[in-house]
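Below: the structure, in structure tokens.
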Amino acid sequence: MDQSKDILELSRNSYRIDLDEVAFVGKGSDKKRTARRRWAILAKALKSPSGSQPSSPTDDVSVRRISSFMLLKTRELPAPPSPLVSELLSKRAWFEYSLSVGQNAFSLNISHRTRTFSAEDLMGFNNTGNVCIWPSEETLSYYACSNLDIFKNRNVLELGGGMSCLAGLFVAKYASPKTVLVSDGNKTSVDNVRAILQCNEFSCPTDCAILKWGEPRGSRRLYDVIVSADCLFFDDARRDFVECLYEYLAPEGLGLVMAPQRGSTLDSFMIQSENRGLICRKIMRYDDVVWERRLELLDQCEYNDNIHYPVLVEVTKREAYSKENV
């Protein structure tokens with residue numbers, strides 16, 4: 001099935017789609033039921049009026065089911081948290097995202113688009129981050145705030161940060177890095193992050209950019225720390241992600257990749273990374289609080305450890321490892 005063509009056809013036909021028909025998931029195999037759920041979410045997004053809110057992360061038709069490890073708290077803000085109210089800021093709903101690590105509190109002002117996504121948005125480069133905060137980004141943000149020293153005086157890059165680039169921006173605000181660049185391959189996501197940058201104060205020069213992993217790169221800056229959350233989902237994009245990670249990581253740099261096992265996707269990433277000259281270390285228990293939340297979720301019938309629990313992979317370059325062992 002060519003989903004891009006199907007989405008474009010929906011756009012041309014004024015989104016004429018029968019949601020009841022698409023969302024009916026009582027028949028067929030598990031794969032077919034999953035596909036119908038996904039198309040129902042897409043159809044709902046395309047048919048919703050422009051002023052409506054995006055689908056909730058806990059929508060009963062969502063195939064994700066587990067939406068949070070309950071590490072983040074959100075509070076809706078009555079207005080854009082900036083004295084300079086522009087069209088870029090006013091066309092968004094604003095929230096305070098906060099988390100606590102011990103006695104330390106961390107917060108960011110995050111915007112949500114107050115319109116649904118067009119067919120062009122949904123056809124764009126890897127738009128999975130366009131919907132909401134995923135557990136991998138939530139746990140990566142918590143891990144970053146628990147380990148601020150990793151980023152101090154470092155040049156930091158976030159790859160595939162989606163609509164919020166949450167982990168990278170927590171680092172920019174609280175870790176005192178040298179610089180932070182947050183990125184995504186989707187223009188819609190980066191436009192939203194640009195609005196977020198205007199409504200927060202950071203401890204270092206912080207910028208956002210469109211960065212598509214598979215596109216040729218000329219001269220480029222190397223980064224001491226690269227963070228990424230849940231960017232291993234698509235088989236055809238994983239090799240480009242590995243290449244991008246290798247090319248942007250400084251010789252003695254550190255990559256922090258957070259993603260669920262999700263079948264063989266995490267292991268495939270590690271194999272491809274090691275074939276490229278990277279060294280990967282998989283860490284299941286990287287934080288006691290996150291681990292305890294995982295144990296609590298194991299009792300829920302909707303929870304599947306393989307697809308819901310974010311695993312941390314530390315990535316370094318092989319030449320740096322060789323120098324340490326000379």
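Computed from the coordinates by the stated procedures, all read-outs in this text should not be read as laboratory data. Please read these numbers as outputs of a predicted model, since none were measured by experiment. Positions of Cβ are generated from backbone atoms using ideal geometry, with glycine treated the same way; all protein chains shown enter the neighbour counts.
How large is log10 I(q)/I(0) at q = 0.22 Å⁻¹ when the Debye formula is applied to the Cα atoms of the range 212-287, each weighted equally and without solvent?
-1.09
Students often check this: by mean Cβ neighbours within 10 Å, which of 200-210, 304-314 ranks highest, and how do the rest follow?
Ranked from most to least packed, the peptides come out as 304-314, 200-210.
Step through the residues of the range 172-179 one at a time and calculate ³J(HN,Hα) from phi using the Karplus curve (6.51 cos²θ - 1.76 cosθ + 1.60, θ = phi - 60°), rounding each to whole Hz and writing x for Gly and Pro.
Working through the residues one at a time gives 4, 7, 10, 9, 6, x, 6, 8 Hz.
Whole-Hz ³J(HN,Hα) for each residue in the range 157-164, computed from phi via Karplus 6.51 cos²θ - 1.76 cosθ + 1.60 with θ = phi - 60°, x for glycine and proline: what do you get?
Ordered by residue, 3J(HN,Hα) equals 10, 10, 9, x, x, x, 6, 10 Hz.
If you count, for each residue, the other Cβ atoms within 10 Å and average over each peptide, how do 273-281, 144-152 line up from highest to lowest?
By packing density, highest mean first, the sequence is 144-152, 273-281.
How large is the direction-averaged shadow of the alpha-carbon convex hull of the range 73-324, in nm²?
For the range 73-324, averaging the hull's shadow over all directions gives 14.4 nm².
Taking Cα pairs under 8 Å and at least six residues apart, what relative contact order does the range 73-324 come out at, in percent?
Reported as a whole number, the value is 15 percent.
In whole Hz and in residue order, list the ³J(HN,Hα) couplings for the range 201-213 that follow from phi through the Karplus curve 6.51 cos²θ - 1.76 cosθ + 1.60, θ = phi - 60°; x for Gly and Pro.
9, 10, 8, 7, x, 10, 9, 10, 7, 7, 9, 9, 4
How big is the range 138-265 by Rg and Dmax over its Cα atoms, in Å?
13.7, 40
Around Ala175, what is the net charge, scoring Lys/Arg as +1 and Asp/Glu as -1 over all other residues with Cβ under 11 Å from its Cβ?
The answer is +3.
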